[in-house]
Amino acid sequence: MSKNFCTLLNCMDGRTQLPAINWIRSNFDVEYVDIISEPGIDKVISLQKEDFMNSLYKKISISLNSHGSSMVFIAGHYDCAANKGNKFQHVDQIKKSADIIGKQYKNVVVIGLWINENFQVEKVC
Ligand SMILES: [Zn+2]
């Protein structure tokens, strides 16, 4: 049995957790999905506020270093209470966030996900 971990940066919204976890486990050789959640996390990362980013990097590093994760997923979703805006705006933020995280962790695969109005997952980068 695989014991592979990955890391998911997701909104706190309870509607998004299982779709994201199930999609990741269906598409990658991953058993466990470490979740770091923040309301509207795609927007928050793209703004790069220093305090938030320092805290986020500490959390990501635990997943990478202690659990051996080598993949980080960043998700945004439809009807986000903390991040209003259309799909186009979200996808832009998800891509920007993926770029930021990818620059911080050069040996990690970073993948951006959009969770649509049917709470289905689409890979955006
Ligand atoms: Zn949300």
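Quick one: length gained pulling E122 to K59 fully straight, 0.36 nm per residue minus the C-alpha distance?
Values: separation 63, 0.36 × 63 = 22.68 nm, distance 2.50 nm.
Using 0.36 nm per residue and subtracting the Cα-Cα distance, I get 20.2 nm.
On the protein heavy atoms, probe 1.4 angstrom, tell me the percent of accessible surface of the chain carried by carbon and sulfur.
Details: 3300 of 6710 Å².
Summing carbon and sulfur atoms, their accessible area is 49 percent of the total for the chain.
About the Cα centre of the chain, what is the dipole size in debye to 20, counting +1 per Lys and Arg Cβ and -1 per Asp and Glu Cβ, all else neutral? Working shown, then result.
Numbers: 14 positive and 13 negative charges, 43 e Å.
So the magnitude is around 200 debye.
Pairs exceeding a 26 Å alpha-carbon distance, out of K84/K106; K49/K103; K59/K96: K84/K106.
When the convex hull of the Cα atoms of the stretch 5-123 is projected onto a plane and the area is averaged over all directions, what value comes out in nm²?
Working: hull surface 25.7 nm².
The orientation-averaged projected area of the Cα hull of the stretch 5-123 comes to 6.4 nm².
Ranking Q48, P19, Q93 by Cα position along the charge dipole of the chain, where only Lys, Arg, Asp and Glu carry charges on their C-beta atoms, puts Q48 farthest toward the positive end.
Roll a 1.4 Å probe over the protein chains and send me the accessible area per residue for the chain in Å².
Values: 6710 Å² over 125 residues.
About 54 Å² of surface per residue is accessible.
The stretch between D92 and V109, if pulled fully straight at 0.36 nm per residue, gains 4.3 nm over its current Cα-Cα span.
For the stretch 54-73, backbone nitrogen atoms closer than 18 Å to the point 7 Å from K3 Cα along Cα-to-C-beta are found at 62-71.
The values are calculated or read from the model by the stated rules, or taken from the named source; none is laboratory data. The shown structure was predicted, so the numbers you read here are calculated from the model rather than taken from an experiment. Quick reminder, even Gly has a Cβ in these numbers, built from the backbone with ideal geometry, and neighbours come from all protein chains shown. Keep in mind that these areas ignore ligands, DNA and RNA; they rest on the heavy atoms of the full protein, side chains included. Shrake-Rupley method; radii C 1.70, N 1.55, O 1.52, S 1.80 Å.
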